[in-house]
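Structure first, then comments.
The values are calculated or read from the model by the stated rules, or taken from the named source; none is laboratory data. Note that the structure is predicted; figures quoted are calculated from it, not measured. Backbone-built Cβ (ideal geometry, glycine too); neighbour counts: all protein chains shown.
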Amino acid sequence: MLAPLAAVAVVTFASTSYAQITGRKLDKLPVEYVDRPLTLPKMTLGAGLDVSFNHFEDGDGFFDIDANGANIDIGGNFGILDDIEVEAVVLSLVTEDFGVMPMSTFEAVDGADWGTARVGVTVRFLAEDVVEMAGRFRFLVDNNATIGFNAGLPIRLRAPGILRFDTGFNFTGRVNARSDDGSFGITDVNTNPSGPEPGIPFRFNFQVIEQLFIGLNSGLGVLDVENEDTVYFPLGASIGGTVDLGDDMLLDIIGAVNFPLFGLPALSDEDLDASVFSELWQIGLTGKVYVPLGE
């Protein structure tokens, strides 16, 4: 029921008259990371590589697991118009012992396996210097024969040249094609490091100098709305730099550390300290180049 409604919402946004969307129009991407638009400018291609190293050390704890793993994703996004962007992951791999993926917090593998493929569209319907809003829909398939959709309302608030705050509301529905088991969560898709982004994210990015930015992230997520024990709060930080390649081309290099399940209230009903789960952590590295293809 929700998937058709989400699709209708995206189509509605896309059918909005181009002249009705006023405000922020950019001929090219700014070097400053915090000033980047919610959707890429018209005829701009973004191609990137995301690598996440995952570590789980809880052999004597609640989960009784010690393992290492990695996620490798190659994909990109493209601005069809200033307010319409499409995205796709063309290669997704999980290696070593396990992967942390958008529809599966812990996916065991032996050596290497396919990760999560996805395609999506984002349609921006509000574009001003200090606030942007959009509708987003993604379709996902992972190596466990899980089929899912992710829909949301991303919101970006900005103090130009200083900071930006990304939040919104996002949800993911998923069903396993083999078992027909399904679930619905208040989660989104994160790429660096990979994993289930909270459905209500709190992402702050600060512009240190023109080519350097730092970020902090947390939020509120629910892996399965029918299970109150799946409420979680991540905690992470990032640092990135931008290289101006000339001819309006940019290269972003971003390093990040993330504790995807840092706050797990289910671990303890009384002791707040016991709800902190730091045994699962990730280190991510992203390289992404932006190339204008228009005139």
Residue list for segment 153-177, restricted to those being at positive phi and in contact with a Ser or Thr (Cβ under 9 Å, 6 or more places away or on another chain): none
Subset of segment 145-204 that is assigned to a loop (DSSP other than H, G, I, E, B) and polar (S, T, N, Q) - its residue that is farthest from the chain's Cα centre (by Cα): S179
In segment 81-105, how many residues are closer than 22 Å to P198 by Cβ and out of contact with any Leu (no Cβ under 8 Å at 6 or more places or on another chain)? 8
Picking from N176, N144, N150, which residue would you name as being among the polar types (S, T, N, Q), touching a residue at least 24 places away in the same chain (Cβ under 8 Å) and under 23 Å from E85 (Cβ atoms)? N150
So which residues in segment 101-115 are among the β-branched types (V, I, T) and in contact (Cβ under 8 Å) with a residue 60 or more places away in the chain, if there are any at all? T105
With the structure loaded, tell me whether L29 is part of a loop (DSSP other than H, G, I, E, B) and either modelled with pLDDT under 95 or surrounded by 13 or more Cβ atoms within 10 Å (Cβ to Cβ) (or both) or whether it fails that test. yes
Condition broken by L267, with the remaining ones in (1) in contact with a helix residue (DSSP H, G or I) (Cβ under 8 Å, 6 or more places away or on another chain); (2) crowded, with 21+ Cβ neighbours inside 10 Å satisfied: (2)
Just checking, how many residues over segment 217-257 are crowded, with 18+ Cβ neighbours inside 10 Å and β-branched (V, I, T)? 5
Scanning segment 62-83 for residues that are crowded, with 21+ Cβ neighbours inside 10 Å and in contact with a Phe, Trp or Tyr (Cβ under 9 Å, 6 or more places away or on another chain), the one farthest from L140 (Cα to Cα) turns out to be D82
Matching entry among D129, D97, D180 (being closer than 22 Å to D73 by Cβ and not basic (K, R)): D97
Scan segment 110-140 for residues that are farther than 20 Å from E85 by Cα, in contact with a Ser or Thr (Cβ under 9 Å, 6 or more places away or on another chain) and surrounded by fewer than 18 Cβ atoms within 10 Å (Cβ to Cβ) and jot them down. G111, A112, D113, W114
Enumeration of residues in segment 94-108 that are buried (at least 18 other Cβ atoms within 10 Å of the Cβ) and among the hydrophobic types (A, V, I, L, M, F, W, C): V94, F98, V100, M101, M103, F106
